[in-house]
Every structure is written in structure tokens, then in C-alpha cells.
Amino acid sequence: MTSVRQIFRQYPLSLLCIAVVWVLSLTPIFPETPLDGIDFIDKWTHLVMYGGTCSVIWWEYVRSHNNLDGEKLFFYAWLAPVLMSGLLELLQAYCTGGHRNGDWFDFAANTLGVTLAVPVGLLMWNIKKKTSKH
């Protein structure tokens, strides 16, 4: 069984990214930026935030493992982030006192980001396998 200490040692950047997602998701107000005029900038932000976080999870997994465990990766690098996204959207809708709004399109963008990280992670895995043979 994996200890908490081992998780922190193997996945420090992943845990940092997850913490940042939680903070950003529950922060009441963001200042306006010049990017606010871009169509769907909020959805692009969600896609990049979750895709980036899950790519980091994959990278740290690939870096510290010699065998690909599809069940663990499905749970920790896909299902858990999707569930976390849904939970955060519900928290925004019902627990932020109206400062944030839960949005199912945000959830869809988050899920797409998580899903797009899968081929990125598999590519990292294939590169590791090819370079370790030489």
C-alpha cells in the first residue's frame, strides 16, 4: 500500500496543481484581464487547467513507474479529476454564497481537458519506453 509520504514524494507537482485548481475554483472574484474579450475564454481556461493538471499527473506517474497500470491511471488521472471537477462545480453553485456559479459547460470543458491529457500521457509513456531501450 502506498503511504502518504510516498504520494507526496512521487507527485509533488500534481498535488500542487490540484491545490491551485481548488483555490482558483473557490476564489470569489477575479480581476478583469485583456483576455476577457476572447470568446469562451472561461472554457479554454478550464480545459487548459484540467488538461495541464492531468498531464502533470501522467508525467509524474511515467517518471516514477516502470509498468503502466491502466486501472490506477483510469482512476487517478481520469475519473478522480472528473469527479473533483463535478464536486467543485457543485460547491461553486451551492456553497460560495453566490460569489461563484456552478456551470455544466465548465464541467464539460474540465472533462475534455482531462480526456485530452490521456493521449499526452500515453505519448510520454511511449517516449520513455523507446528511450529506455537504448
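Just the residues that are buried (at least 17 other Cβ atoms within 10 Å of the Cβ) and either more than 17 Å from K43 (Cα to Cα) or among the charged types (D, E, K, R) (or both), please, taken from the stretch 74-112.
Residues satisfying the conditions are Y76, A77, W78, E89, R100, D106.
Any residue in the stretch 112-120 that is within 13 Å of the chain's Cα centre (by Cα), closer than 18 Å to I7 by Cβ and in a helix (DSSP H, G or I)?
No; the residues of the stretch 112-120 include none that is within 13 Å of the chain's Cα centre (by Cα), closer than 18 Å to I7 by Cβ and in a helix (DSSP H, G or I).
Among (1) more than 22 Å from W125 (Cα to Cα); (2) in a loop (DSSP other than H, G, I, E, B); (3) open to solvent by less than 90 Å² (accessible area, probe 1.4 Å), there is one condition F30 misses while meeting the rest; what is its number?
(3)
In this structure, does W59 turn out to be more than 20 Å from F107 (Cα to Cα) and surrounded by 12 or more Cβ atoms within 10 Å (Cβ to Cβ)?
Judged against the criteria, W59 is a match.
The values are calculated or read from the model by the stated rules, or taken from the named source; none is laboratory data. Fair warning: this is a prediction, and the values are worked out from it, not measured in the lab. Heads up, the Cβs are rebuilt from the backbone with ideal geometry, glycines too, and the neighbour counts pull from every protein chain shown. Remember, those area values only see protein heavy atoms, side chains included, never the ligands or the DNA or RNA. Shrake-Rupley method; radii C 1.70, N 1.55, O 1.52, S 1.80 Å.
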